[in-house]
Amino acid sequence: MLLVSLALLLWPAPAGTPVVAMRGAAVVLLTIGLFATGVVAEHVAALGFFLLAVLLGVAKPATVFAGFASGSLWLVVGGMALGIAVKETGLGERVARALFARFSGSYPRLVAAVIGVTFLLSVFIPSGMARLVLLFPVVMSLADQVGLARGRRGRTGLALALGMTIFNPPVAILPSVVPNLILAGAAETIYGLGFTYGWWLVLHLPVTGLLKAVSIFVGVCALFPDRCAGLAPALARAPMSGAERRLALLLMATVGLWMTDALHGVSPAWVALAAGLFCLLPRLGFAPAQSFNQHIPLGLVVYIAATLGMGSVIVETGLGAAVGRFLLDAMGLAPGAPAGNFVAMVALSTLATMVVTVGAVPAVIAPLAGDMARAAAMGLDPVLMSVVLGYSTVFLPYQAPPLMVAMQMGGIPVGTATRLTLALGAASALMLPLTYLWWQLIGFWR
């Protein structure tokens, strides 16, 4: 990986490709390689990205460090502060029992319950990171209560089931993941197209939503089998403490503000940060201020900022557009070949996901959709929807930042998570013919 990055750095830029894009490719490829292989810790690779991007003049420092100004980073920080309070007060244990007591006693049933609750919550909370920071302490409390201590396969399985379900099946619901919103915004801005909630659901729920949820269940149970104890109901019947009641009210207000962000215009990130700050206030809060330093790893913050900054660098340097044009030239689209065009378009988005991660794919591919539609002599809607299938097919953990955050929070090694993502990526690829047949059946792809 290092040799390839050096070659990109020294190789003359092809005609029409900015020199800075080649530098950006070298730095991004090296960083992604380190993320994917786990040769060094993720935060070390992230710091290397910041240093190299600035020293090599890949982009302005404001762009390289743009992740620190991103709401997603502060959503995680605020959410982790909430998680500290949830654990300190015992509310996480209580909620875990209330949600999952009837599923306890069977590890597969607990996995199914975590997937089902996470998927259902995506209907009400549009931010994947918000769902993650809300549910992670509850699921870890659940693991503690059923005897799945740190290091147990079952604990890893529950954490990965949560992380995968945060971003993968909810792709079937228009406002539930950030890439969907970026694609919808690009389609409206560039082409004047609008997507409806119901039609998006019809197109993607049967396979991308439901079947992928089932594949996560099968993959977790097969790769991380375990046994667990049942939950005793005693705590669920005990009265809530004053701190638990106040924290429950704060969480309900937070979730309510997340669900209604379209009405009040306040980003879920700032809602989470305000709630997390309140939890750390002396006397009023629920956790000592020093717990912030003890339980919120700086490495996680640096990693998230690097992944977000990498997306900004990819777009600003023109690297994303250059990769997209190269892949488009190699696609071989042709009128009257619906099956071949379907495979080529989904492959384009899937390969782009491996280079620029899921969040940047819509911004990279959407501007090329018009050329793709003309080459294949078909409408824009099917072309844009093929992008969704691409960024919902993930083979390596680094491609999906929410999953990487769950891994960091749960202390899960990259190699362990990669076993699951490779299996689920292969399952997603095998599901693509089902989506093609479904779209043919409803007359969407011709």
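Checking the conditions here, which among Ala172, Ala159 is crowded, with 24+ Cβ neighbours inside 10 Å and touching a His at 6+ places or on another chain (Cβ under 7 Å)?
Ala172
For the range 170-191, give me each residue that is under 11 Å from the mean Cα position of the chain (by Cα) and at pLDDT 90 or above.
Within the range 170-191, Pro170, Val171 qualify.
Within the range 256-269, is even one residue touching a Gly at 6+ places or on another chain (Cβ under 9 Å), modelled with pLDDT of 80 or more and part of a helix (DSSP H, G or I)?
No, there is no match, as no residue in the range 256-269 is touching a Gly at 6+ places or on another chain (Cβ under 9 Å), modelled with pLDDT of 80 or more and part of a helix (DSSP H, G or I).
Look at the range 192-216 and say how many of its residues are farther than 15 Å from Leu434 by Cβ and either at pLDDT 95 or above or among the small types (Gly, Ala, Ser) (or both).
4
Which residue out of Phe217, Phe195 is part of a loop (DSSP other than H, G, I, E, B), among the hydrophobic types (A, V, I, L, M, F, W, C) and touching a helix residue (DSSP H, G or I) at 6+ places or on another chain (Cβ under 8 Å)?
Unique residue meeting the criteria: Phe195.
Which one of these is part of a loop (DSSP other than H, G, I, E, B) and within 30 Å of Gly83 (Cα to Cα): Met252, Met240?
After applying the criteria, what remains is Met240.
Considering each residue of the range 27-46, count those that are of a type in the set (Gly, Ala, Ser) and either modelled with pLDDT of 85 or more or not in a helix (DSSP H, G or I) (or both), and give that number.
The qualifying residues number 4.
Anything in the range 114-133 that is buried (at least 21 other Cβ atoms within 10 Å of the Cβ) and assigned to a helix (DSSP H, G or I)? List them, or say none.
Val114, Ile115, Thr118, Phe119, Ser122, Gly128, Met129, Ala130, Arg131, Leu132, Val133
Restricting the search to the range 61-93, which residues are surrounded by fewer than 21 Cβ atoms within 10 Å (Cβ to Cβ), in contact with an Asp or Glu (Cβ under 7 Å, 6 or more places away or on another chain) and part of a helix (DSSP H, G or I)?
Result: Thr63, single match.
What number of residues within the range 134-174 satisfy the criterion of being outside any helix (DSSP H, G or I), more than 15 Å from Gly92 (Cα to Cα) and either out of contact with any Lys or Arg (no Cβ under 9 Å at 6 or more places or on another chain) or touching a residue at least 40 places away in the same chain (Cβ under 8 Å) (or both)?
The qualifying residues number 7.
Output the residues belonging to the range 97-115 that are among the small types (Gly, Ala, Ser) and touching a residue at least 60 places away in the same chain (Cβ under 8 Å).
Hits for the range 97-115 are Ala98, Ala101, Ser104, Gly105, Ser106, Ala112.
Just the residues that are closer than 19 Å to Leu132 by Cβ and either among the polar types (S, T, N, Q) or touching a Phe, Trp or Tyr at 6+ places or on another chain (Cβ under 9 Å) (or both), please, taken from the range 249-275.
Passing the criteria: Leu250, Thr254, Val255, Trp258, Met259, Ser267, Pro268, Ala269, Trp270, Val271, Ala272, Leu273.
If you take the residues in the range 395-429 that are of a type in the set (Val, Ile, Thr) and either over 18 Å from Thr156 (Cβ atoms) or in contact with a Pro (Cβ under 7 Å, 6 or more places away or on another chain) (or both), which one is modelled with the lowest pLDDT?
Ranking the candidates gives Val414 first.
What about Leu160, is it more than 21 Å from Phe217 (Cβ to Cβ) and of a type in the set (A, V, I, L, M, F, W, C)?
no
The values are calculated or read from the model by the stated rules, or taken from the named source; none is laboratory data. Note that this is a predicted model, so its numbers are computed, not measured. Note: ideal-geometry Cβ built from the backbone for every residue, glycine included; neighbour counts use all protein chains shown.
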